[in-house]
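Worksheet for the structure shown next.
The values are calculated or read from the model by the stated rules, or taken from the named source; none is laboratory data. Fair warning: this is a prediction, and the values are worked out from it, not measured in the lab. Cβ atoms come from the backbone with ideal geometry, glycine included; neighbour counts cover every protein chain shown. Protein only, heavy atoms only, side chains kept; ligands, DNA and RNA dropped before computing areas. Shrake-Rupley method; radii C 1.70, N 1.55, O 1.52, S 1.80 Å.
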Amino acid sequence: MHLRRLQPSDGAFMLALLNDPGFLRFVGDREVRSEAQAVDYLQRGILRSYAEHGFGMYLCERRDDGAPMGICGLVKRDSLPDFDLGYALLAPFAGHGYALEAAAAIVAEASQRQLPRILAIVQPDNARSIRLLEKLGFADRYLQPATEDDCALWVYSLSIDAIESHCATVHEPDAGA
Ligand SMILES: CC(C)(COP(=O)(O)OP(=O)(O)OC[C@H]1O[C@@H](n2cnc3c(N)ncnc32)[C@H](O)[C@@H]1OP(=O)(O)O)[C@@H](O)C(=O)NCCC(=O)NCCS
């Protein structure tokens, strides 16, 4: 597993991920239907986060052959007080432990960046994701009631003091890149 920053050239992968059945079901429909729209989506969200915060969501690549498998990282939403952990894999790569490996690396990154706490939001029927969060040590949670736009969501939090995880590391671009 290798984590790296996404780039505009990852548009085709992003188009596939945003239209993966698991993403549509458990994250949402971003209504991105072409590679050009996917590049625009990247630029308005994930790439902007790198500029604003210095980090964000990363691409998870299979170590053997560089196959893009999914994304994992931290997002800052206006609706939440702290960064939250996000992740999604293309269906063929689920069920192999890759999401856990990537998410553990992001928890380690949050610790290195001295974020005291990270959150995660998840639909109550997303058993795979809840299992992953609990493996990572997310234990505190409260139910955010449904709104006009969103179903009810569990909001998990993890105090990251004393968490140690070194399964994978984030590869930041070289200085000046
Ligand atoms: C949520 C999601 C990322 C979880 O992916 P995942 O591959 O199931 O998660 P993990 O990396 O923890 O892998 C878990 C399974 O891989 C299996 N596995 C195989 N080899 C493994 C290994 N070497 N190490 C760990 N697990 C391994 C385990 O049996 C485990 O299943 P279990 O929990 O029943 O024991 C994935 O279901 C997904 O992309 N869903 C759609 C998007 C989504 O819901 N995102 C989250 C929104 S909140």
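For the stretch 61-115, the candidate set comprises residues that are assigned to a loop (DSSP other than H, G, I, E, B) and within 9 Å of the ligand (Cβ to nearest atom); within that set, the residue that is surrounded by the fewest Cβ atoms within 10 Å (Cβ to Cβ) is Gly95.
Beta carbons closer than 6 Å, at least 6 apart along the sequence or on distinct chains, pair a first residue in the stretch 126-148 that is hydroxyl-bearing (Ser, Thr, Tyr) with a second that is within 14 Å of the ligand (Cβ to nearest atom) for Ser129/Val122; Tyr142/Val155. Listed by first and then second residue, the pairs linking a residue in the stretch 96-115 that is under 15 Å from His171 (Cα atoms) to a residue that is open to solvent by 50 Å² or more (accessible area, probe 1.4 Å) and among the polar types (S, T, N, Q), with Cβ atoms under 7 Å apart and 6 or more places separating them unless they lie on different chains, are Ala105/Thr169. Within the stretch 38-60, the only residue that satisfies the criterion of being hydrophobic (A, V, I, L, M, F, W, C) and open to solvent by 60 Å² or more (accessible area, probe 1.4 Å) is Ala51. Would you confirm, using the coordinates I've provided, whether Arg128 is part of a helix (DSSP H, G or I) and not aliphatic (A, V, I, L, M)? Spelling it out, Arg128 is indeed part of a helix (DSSP H, G or I) and not aliphatic (A, V, I, L, M).
In summary, Asp150 fulfils each of the numbered conditions (1) of a type outside the set (Val, Ile, Thr); (2) within 16 Å of the ligand (Cβ to nearest atom); (3) surrounded by 18 or more Cβ atoms within 10 Å (Cβ to Cβ) with the single exception of condition (3). Scanning the stretch 116-147 for residues that are of a type in the set (D, E, K, R) and surrounded by 17 or more Cβ atoms within 10 Å (Cβ to Cβ) turns up just one, Arg141. How many of the residues making up the stretch 1-29 are closer than 25 Å to His96 by Cβ and within 13 Å of the ligand (Cβ to nearest atom)? Counting residues in the stretch 1-29 that are closer than 25 Å to His96 by Cβ and within 13 Å of the ligand (Cβ to nearest atom) gives 14.
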